[in-house]
C-alpha cells in the first residue's frame, strides 16, 4: 500500500511540472533500478578504463607517426588523445563551479552550452574494451558505438564521469533507449527530432525543443543566456568553422600532405578540447601543411587513389578501416561522416542579432543542413556526396557501416545505386569494433584498390 501511495505521489508531481521543466524520464522506479545497477556493476568499479582508452589510442597514433613527412604540428592533437591533460582541466573547471555537459551526435547546439559558461564534451566512443561492461546491461545484438559509449557509464570513468548532464538527440531507436538507460547513471535530456525536416510544423517543433533546452541549460548552470553571451558563442563557433573550411581547402590539394586518419585525430580532439586552444593549434597545423605543399613534403604519393569515406562514424581508436586504406596506395582525401567533416559544418547564419532571431538561426542550422539518415529523406546526403566527389577529385567511395545499424545499412543501397549510375567505384564494408574481421577487411580493401589501379 505504501509503495502505491509513493508512486501516485510521484506521478502527480510529474504531471504538475511545466513543459520547460518536465523530466524526460520519470523516476517512479529509479530507487529499485539503481540498487540493481549498483550491485551488478561492482565488478567494473575498480578498473581504470581511461588508461585503456589512452593505450588503444597510442597504438593507433604510433602507426600514424611512421608516415614520412607527417606534420609535427599534429603532436599537440596526439597528446590530447593519449594523456589525461584535458580531464584534469575539466576537473578544475568543475571545482570552480563550472558545468560539463555531455553530448551525442552533431545535433546538439553547442552555442547554448558555451553561452551559459559550460563546456561541451562529445561522448560518442570508438573503444572496443568498454563494450564488455556495457553488455551487462545493454543487449549484445546492438550497435557497437552505443555499447561502447554506454560502457563508460557502467564503469563511471573517462569523460562520462565528469558530465553533470547528457544531451541525447533521438536520432535512432538505439539512441532513444541509450538515453533511457543512461538516465539511471546520469541525468539525460533527450532532444526529440522531427522525422521530416522540410515541413514548417517540424521546424516550429524543433525550435520549441531548442527553446526548452536553453531554459534547462540556464537552470543547470545558474547563468542566464542573454543576447550578448549568445552572440559571442555564435561568433566563437564561426571561428572554428572558418578554420575547418581552410583545412578542407588543404585537403583539396592534389599534393597529399595529411592523411584522412590524421584529419579524424584533429577533428575528434575538438570533441573535448578547449575550443580557443584547438582553433589556435589547428591554424598552426594548416600553416604547416600549406608549407609542406609548397615544399612537396607529401605523406602519400600523388598517384595514390583519392577516396571518399562515408557511412557510419569512424571514432578513435576504432580506426581499422582508415588504417587499412592508407597502408596501401590510397588515402582518404575527404570523408562524409558525423565524427569527421560533418562535425563542424555550416555556420549559424543570423540576420538580426536579437535573442529570438539567434535562437531561430541556431535551430535552423542544426536541422536543415544535417544529412543524418535519421530523417525520412536521403537525397540531400547523396547530393553532398556527389559534390564532394567532384570538389576533392575522388576516384572511388568506401561506405562503412556498423553491424546492426539499420539507418546507414539501408541507405548504402541508395547511395551505391546513384554512384553506379555515374560510374563511380563503390565498396561497402560492414563491420564492428572487434578485431576478428581484420584479415577479411584487409583482403577486400587491397583487392578493391588493386583493381582500381589496374584500370587507370
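The values are calculated or read from the model by the stated rules, or taken from the named source; none is laboratory data. Note that this is a predicted model, so its numbers are computed, not measured. As a convention, Cβ positions derive from the backbone with ideal geometry for all residues, glycine included, and neighbour counts pool all protein chains shown.
Before moving on, here are some points about what is shown:
- Unmet requirement for residue 195, which otherwise passes all of (1) in a loop (DSSP other than H, G, I, E, B); (2) farther than 25 Å from residue 319 by Cβ; (3) free of Cβ contacts under 8 Å to residues at least 40 places away in the same chain: (3)
- Filter pass, residue 79 being exposed (fewer than 14 other Cβ atoms within 10 Å of the Cβ) and modelled with pLDDT of 95 or more: yes
Condition check ((1) modelled with pLDDT of 95 or more; (2) surrounded by fewer than 16 Cβ atoms within 10 Å (Cβ to Cβ)) across all residues:
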site	(1), (2)
367	no, no
371	no, no
379	no, yes
389	yes, no
394	yes, no
398	yes, no
404	no, no
407	no, no
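- Qualifying residue in region 143-153 (condition: outside any helix (DSSP H, G or I) and under 25 Å from residue 213 (Cα atoms)): no
- For region 138-173, filtering for residues that are closer than 24 Å to residue 366 by Cα, more than 17 Å from the chain's Cα centre (by Cα) and crowded, with 24+ Cβ neighbours inside 10 Å leaves 0.
- Qualifying residue in region 180-188 (condition: under 16 Å from the mean Cα position of the chain (by Cα) and either assigned to a helix (DSSP H, G or I) or crowded, with 20+ Cβ neighbours inside 10 Å (or both)): no
- Close pairs from region 311-326: first under 13 Å from residue 81 (Cα atoms), partner in a helix (DSSP H, G or I), Cβ under 6 Å, at least 6 apart: 316/57; 316/268; 317/56; 317/57; 317/60
- Unmet criterion (only one of (1) closer than 30 Å to residue 75 by Cβ; (2) touching a helix residue (DSSP H, G or I) at 6+ places or on another chain (Cβ under 9 Å); (3) modelled with pLDDT of 95 or more) for residue 238: (2)
- Filter result for the condition that a residue is out of contact with any strand residue (DSSP E or B) (no Cβ under 8 Å at 6 or more places or on another chain), part of a helix (DSSP H, G or I) and either at pLDDT below 65 or within 30 Å of residue 132 (Cα to Cα) (or both), over 94, 73, 47, 52: 52
- Selection status of residue 233, assigned to a helix (DSSP H, G or I), at pLDDT 95 or above and crowded, with 23+ Cβ neighbours inside 10 Å: yes
- Residue match in region 245-255 (condition: in contact with a strand residue (DSSP E or B) (Cβ under 7 Å, 6 or more places away or on another chain) and in a helix (DSSP H, G or I)): yes
- Hits in region 97-118 - residues which are assigned to a loop (DSSP other than H, G, I, E, B) and within 14 Å of residue 221 (Cα to Cα): 97, 98, 99, 116, 117, 118
- Test: residue in region 116-137 that is at pLDDT 95 or above, more than 14 Å from residue 167 (Cα to Cα), over 13 Å from the mean Cα position of the chain (by Cα) and crowded, with 22+ Cβ neighbours inside 10 Å: yes
- Any hit, region 288-303, residues being in contact with a strand residue (DSSP E or B) (Cβ under 6 Å, 6 or more places away or on another chain) and closer than 25 Å to residue 434 by Cβ: no
- Selection within region 107-135 - touching a helix residue (DSSP H, G or I) at 6+ places or on another chain (Cβ under 6 Å) and farther than 30 Å from residue 236 by Cβ: 129, 130, 131, 133, 134
- Of 325, 385, 362, 344, all but one fail to be farther than 24 Å from residue 414 by Cβ and modelled with pLDDT of 95 or more; the exception is 362.
- Residue ID - nearest to the chain's Cα centre (by Cα), chosen from residues in region 249-263 that are surrounded by fewer than 16 Cβ atoms within 10 Å (Cβ to Cβ) and in contact (Cβ under 8 Å) with a residue 24 or more places away in the chain: 252
- Residue in region 345-357 that is under 13 Å from the mean Cα position of the chain (by Cα), surrounded by fewer than 20 Cβ atoms within 10 Å (Cβ to Cβ) and within 28 Å of residue 236 (Cα to Cα) present: yes
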